[in-house]
Amino acid sequence: MLDWSNVSTLAVAAILTAGLYATMSFGLALVYGVMKIINLAHAATMMLAAFAVLSLNRAFALDPIIGSIVILPLFFVAGMTLYSVAVRRVAAVPIASLLLLFGTWLVAQNAAYLIWGSEDQSIVTPYTYSTIDVLGLHIAVTRIVPFVMSFLMLGAMRWLLGSTDLGRAIRAVSQDPTAARLSGIWPERTAMIAFGIGTMLSAFAGGMFTLIFSFTPDFGGVFQLKSFAIIVLGGLESFLGVALGALVLATIESFSILIPGWRASLVNLLAFGLLVIALVVLPGGIASLIARRTGRAVQ
Amino acid sequence: MTFGRNPYLTGILVAGVCAMVPILRPDDLTILGVGFLTFIFVTQAVSWNLVGGFAGQVSFGFAAFFGTGAYVTAILWSHAGWDPILTLPFAGLAAMVVALLVGLPCFRLSGPYFSIATIGVGEAARVIAINLDNITGGASGLVLPFNVPEKAWFYRAGLILATITFLVAAWIRRHRFGLALFSLRMDQSAAESLGVPTALFKNLVHVVAAFFVGVSAGLYVVYLSYAHPDQVFGFDLSIGMVLMNVIGGIGTLWGPVLGALIYFPIRQLVLSDPRLVAVNLLVFGALLILIILFEPGGLLGLLARAGIVARSGLRLAQPAEKRPE
Amino acid sequence: MSETLLRIDHVSKRFGGLVAVNDVSLDIGRGEIVGLIGPNGAGKTTLFGCVVGLIRPTAGTITFEGQRVDGLSQHAVVRRGICHSHQIPAPFPFLDVRDNIRVGASFGRRRAEAALVVDRVLVRTGLEALATTPARNLSVGNLKLLELARALATGPELICLDEVGSGVTPVELDRILQLIRDLNAEGTTILYIEHNMRAIGAVCQRVIVLDFGQKIAEGTPAEIGADPRVIEAYLGAPIGAGG
């Protein structure tokens, strides 16, 4: 059923979701860039943020958008704390930090199960079912808002990295921690702040997700994989690469329902499939990832 | 090498001791059942260690191989009427094929990136299994025939499998293949520059490990007479294999064995008590965190620190040698 | 000079917009010791990388013993008979010296006699006393020797050395240079990147100079030491006059 209405609806949905995917992936990319480790607690962060927003909504009837912003400082601090208490001690050994963050994820998941139970949760707001008419298409308000917020957040991040001293410090440490140290920058502190910011971005994405999806404590895992697929696909050189990767994934997911015999539960496999394809085809985004790790020339 | 100079001998001795059990207590079904399951876990842990410990490629996706082996056995047995024992080599073989499909693309990523890619693997396998419901019985599982051998048979079969897996691991460690794996774990590029075909070897050890995991799954499913995607493809299986090795000591020979011996009873305890089931992830996650923070070498690392055994295995505590780029 | 062992034929390598190696051709004959010098950024390391399998040339071919080797993986190149040592030593830190060397011996061209090869190499490089020392405990000079030992253990026809003279004391350097001469006397061909002109002058029969990715001079150490282009680009003073 490939008519204009269908295709455009799917395309718009893809773009809107891509914005959110980009936000969550950028947090992961930031942490990787500075510390060369993949934050496996990213999943836990998104999940806890979603539940935090849920609780705020239940307790104070706080709108999820406001809720997502309100929790940001909390997650910033939490991220920095996690880093100083645990990650920093094992940051030099990638596998150890990976396992540590993974353990954190398990603990967080279980804590969520204990506190909130395992049923599907969702937040319903006055505008959950409203739509806006754009060019003859009905677009759900709940999809536009996260997109716009993500856009703003990414813009803020771009400003932070490009125009502030902190941003320059982060970029310096990403490129060469020793040289940064010689320039008077303190890599551990920068890493801590970057980890805090990365956690904050993941939390923001998690909060925004509550507008669109229902969730249980294990929903983080899928998005961990998606974020990773996106940054592998898009490369880490710029947030543009991440944004493109997010767009590709969101588009494939959106249009997948047109495949005959498709089942909704298979949609999460797409990220994994994309990851495998990206690995096999080896586009520029991957080469830099590998080159950094094996320390050898880019082919 | 920890317990003595000759791991083959020690391994066979230990196996010999275990083999006494069904002779001395032939009617104790509990101990035979527990023993069998322990051997299955030991096989899993030792196999995982070949890839995660010897080669240093930490995989979170081994459940995919277990589930594949389980379903190959289940399907050949229940749908095609095969004798379950005959299905076992094929369970192993099927797991090997899946390992190849996973490994060829994923081993292009190094270290931690490989690990993350494998997180998706087990889940992908599980989702696929659930969706192929006309073959696998989908979300309701597959109930299998009940005409199975007695528990003592399973005990002995499990023991033989675990022992063979262990002996293979001991052999690899001694052989230059093991040397190559250790070298590529420490510095893949340097190993390549000395003639080690790293991609080939990573895939090779991956496939070998998958074989034993697949066979163990076949035995497991015959024992239970039941197969369900969440059970045999479950992420908890993958986590378990990682955890057993972290507990015992990744990269050592006896670490996975000890780790399995410790992990298995904890797991059984947690899963059987309704209050504890709710916190099982908490228990395992906390265990993982504490071990990584305080004794990354696991139990054998502790013993090495105490001077009781020689240090070996993957050094999670020491930074990987980082050369300026 | 006898038969050509390695032929680098119009090799270029581009990294995006940067041309690191620009249409370089050179031959290395069996049994030669050839030096490769030039300022930093001249393309020596890139060219070196193309020969040993680290980098795939953008254009041109590299032939070894009559067969193409450009584009092969590092381990395949080792099997053909070309090995290399790293400028910054890359030992396997938690293996001892013997096991480090054993890796090279087990997967190079002489895999069948690995144990014998290891013992011989240990003696050759003077590392027998340190055979059971974990590599991470070695001094820089010994790490360089270990690099050399591992590469030797693969049984190469052509050894490519990357600045083995940097970071070592003059005494250690002399030892390494003597080892190079001994290896050459036995028939091993050597390609040697180096900044240390004393070392180049001491062992190389022929020297090739690169600058900005191109070959600007080729000749004996004395000849290129006097070559005005080389002096301008790189040397500042004739070879042998300084350290």
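Every number here is computed from the coordinates shown, using simple stated rules; none is lab data. What you are looking at is a predicted structure, and each value in this text was computed from that prediction instead of being measured. Methodologically, a virtual Cβ is constructed for each residue, glycine included, from the backbone with ideal geometry; neighbour enumeration extends over all protein chains shown.
Brief remarks follow.
- Note on residue A:156 and residue C:14: their simple-model spin labels are 4.4 nm apart, each label 7 Å out from Cα toward Cβ.
- If R0 is taken as 60 Å, the Cβ-Cβ distance between residue B:30 and residue C:223 corresponds to a FRET efficiency of 0.10.
- Cα-based shape type of segment B:1-137, given that a ≥ b ≥ c are square roots of the gyration tensor eigenvalues and the cut on a/c is 1.5: oblate
- Unit Cα scatterers, Debye sum, chain C: log10 I(q)/I(0) for q = 0.08, 0.12 Å⁻¹: -0.29, -0.66
- Helix A:165-175 and the longest principal axis of the Cα set of chain A meet at an angle near 70°.
- In chain C, the longest principal axis of the Cα atoms and the axis of helix C:114-124 are about 70 degrees apart.
- Highest-MSF residue in chain C out of C:77, C:69, C:19 [GNM, Cα springs under 10 Å]: C:19
- Cα long-axis angle, helix B:151-174 against chain B (0 to 90 degrees, to the nearest 10): 20 degrees
- Number of partner chain Cβ atoms within 10 Å, mean per residue of A:225-232: 3
- In segment B:99-242, one over the average inverse separation of all distinct C-alpha pairs is 17.4 Å, which is the Kirkwood hydrodynamic radius.
- Computed from label points 7 Å out along Cα-Cβ, the spacing between residue C:115 and residue A:124 is 7.8 nm.
- Coordinate range of the alpha-carbon atoms in segment B:7-235 per principal axis, descending: 56, 46, 24 Å.
- Taking the inverse of the mean reciprocal distance over all distinct Cα pairs, the Kirkwood hydrodynamic radius of segment C:150-189 comes to 10.9 Å.
- Once the convex hull of all Cα atoms in chain A is built, its volume per residue stands at 141 Å³.
- Averaged over the residues of peptide B:285-295, the number of Cβ atoms from other protein chains lying within 10 Å of each residue's Cβ is 6.
- Rough spin-label spacing in nm, given labels placed 7 Å along Cα→Cβ, for residue B:17 and residue A:9: 6.8 nm
- Highest mean packing comes first when the peptides C:192-204, B:185-197 are listed by Cβ atoms within 10 Å, giving B:185-197, C:192-204.
- Net charge contributed by nearby residues that have their C-beta within less than 15 Å of residue B:100 (K/R +1, D/E -1): +2
- When shorter helices are ignored and each DSSP H run of at least 4 residues is given -39500 (n - 2.57), the per-residue value for chain A at 222 nm works out to -24000 deg cm²/dmol.
- A straight line joining the Cα centroids of segment A:118-167 and segment B:58-113 runs 42 Å.
- Comparing A:184, A:67, A:261 in a Gaussian network model of chain A where C-alpha atoms under 10 Å apart are linked, the largest mean-square fluctuation is found at A:261.
- Pair-distance profile P(r), taking every C-alpha pair of the protein assembly as shown, with 20 angstrom steps and integer %: 14, 42, 33, 11, 0
- Sparsely packed chymotrypsin sites (Phe, Trp or Tyr not before Pro) within segment A:47-107, loop by DSSP, other Cβ within 10 Å at most 15: none
- Taking every DSSP helix (H) stretch of at least 4 residues in chain B, weighting each as -39,500 (n - 2.57) and dividing the sum by the residue count yields a mean residue ellipticity at 222 nm of -23500 deg cm²/dmol.
- Within 10 Å of the Cβ of each residue in A:261-268, the mean number of Cβ atoms contributed by other protein chains is 2.
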